[in-house]
Amino acid sequence: MPASPSFDDNRALYDALRQRNDRAYDFLYARLAGSFSHWVHTHNGSAMDAEDAFQKGLLNFLLNLESGQYQFQATARITTVLFDYCKKIWLNELQSARMKTSVQLSDFINPADDTDLLADLERSERVATIQKALNQLKEECRQLLQWFYIDELSLREIADKTGLKESSAKAKRYDCAEKLKGYYLQLANRPGV
């Protein structure tokens with residue numbers, strides 16, 4: 001496998017992104033995904049939250065780049081700008097009503113001494129809701145999410161299994177995760193579920 005370009009030159013990275021160069025996308029992902037995941041984890045998020053926020057931030061950044069809303073700036077590193085886009089996505093998620101609701105609900109629960117029992121109950125309810133949400137997905141999405149999150153296959157391996165390009169497998173995984181998240185939130189916000 002040929003070594004991926006380093007894109008240490010900010011202008012070269014900008015130009016490659018404008019040309020929709022997959023290696024430039026891969027470079028950004030490799031350079032930022034790990035540190036952004038760590039940042040989200042230290043700000044009350046999970047690995048899946050980090051992946052979702054990173055994907056949304058990257059998409060917003062690329063849309064702004066393609067539409068001309070983001071122009072090349074010699075004084076601003078693209079990696080720093082992208083990290084800020086992703087941070088804003090996660091901070092907005094934290095401030096959203098559903099995140100506030102879930103945090104406020106925990107304030108009302110005050111078990112005497114059985115915090116482990118309560119945590120187990122909440123976890124099993126969450127797992128049941130996730131299972132219901134998974135059942136609403138098409139088989140193709142369920143399989144792809146299982147390969148990625150449970151079997152821990154790389155996007156390249158998933159692309160090989162499905163006959164897609166790696167970038168298409170990444171986009172499909174993101175779409176499926178978003179659908180799952182949407183179904184989960186619908187079910188979690190229903191009374192009696």
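The values are calculated or read from the model by the stated rules, or taken from the named source; none is laboratory data. Treat the numbers as computed from the prediction; the structure is a model and nothing was measured. Note that we place each Cβ from the backbone using ideal geometry, even for glycine, and neighbour counts take in every protein chain shown.
Numerical summary
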quantity: Residue in the range 1-11 that is among the polar types (S, T, N, Q), in a helix (DSSP H, G or I), modelled with pLDDT of 85 or more and on the phi < 0 side of the Ramachandran plot present; calculated: no
quantity: Residue check, Arg126 farther than 30 Å from Phe7 by Cβ, at pLDDT 60 or above and either charged (D, E, K, R) or in the same structural domain as Leu32 (by TED's automatic domain parsing) (or both); calculated: yes
quantity: Members of the range 151-165 found to be buried (at least 17 other Cβ atoms within 10 Å of the Cβ) and either at positive phi or part of a helix (DSSP H, G or I) (or both), listed by number; calculated: Leu155, Ile158, Ala159
quantity: Unmet requirement for Phe148, which otherwise passes all of (1) surrounded by 12 or more Cβ atoms within 10 Å (Cβ to Cβ); (2) over 22 Å from Asp22 (Cα atoms); (3) modelled with pLDDT under 85; (4) not polar (S, T, N, Q); calculated: (2)
quantity: Top-ranked residue in the range 59-80 [being in contact with a helix residue (DSSP H, G or I) (Cβ under 7 Å, 6 or more places away or on another chain) and among the β-branched types (Val, Ile, Thr); ranked as surrounded by the fewest Cβ atoms within 10 Å (Cβ to Cβ)]; calculated: Thr79
quantity: Residues located in the range 81-111, provided they are closer than 29 Å to Ala30 by Cα, in contact with a helix residue (DSSP H, G or I) (Cβ under 7 Å, 6 or more places away or on another chain) and modelled with pLDDT under 85; calculated: Glu93, Met99
quantity: Cβ pairs under 6 Å, 6+ apart, first in the range 167-181 and under 17 Å from Glu152 (Cβ atoms) and at pLDDT below 90, second of a type in the set (Ser, Thr, Tyr) and assigned to a helix (DSSP H, G or I); calculated: none
quantity: Condition met for Ala177 (loosely packed, with under 15 Cβ neighbours inside 10 Å, among the aliphatic types (A, V, I, L, M) and outside any loop (DSSP other than H, G, I, E, B)); calculated: no
quantity: Among the candidates Ala30, Ala50, residue that is among the aliphatic types (A, V, I, L, M) and either surrounded by 14 or more Cβ atoms within 10 Å (Cβ to Cβ) or in a loop (DSSP other than H, G, I, E, B) (or both); calculated: Ala50
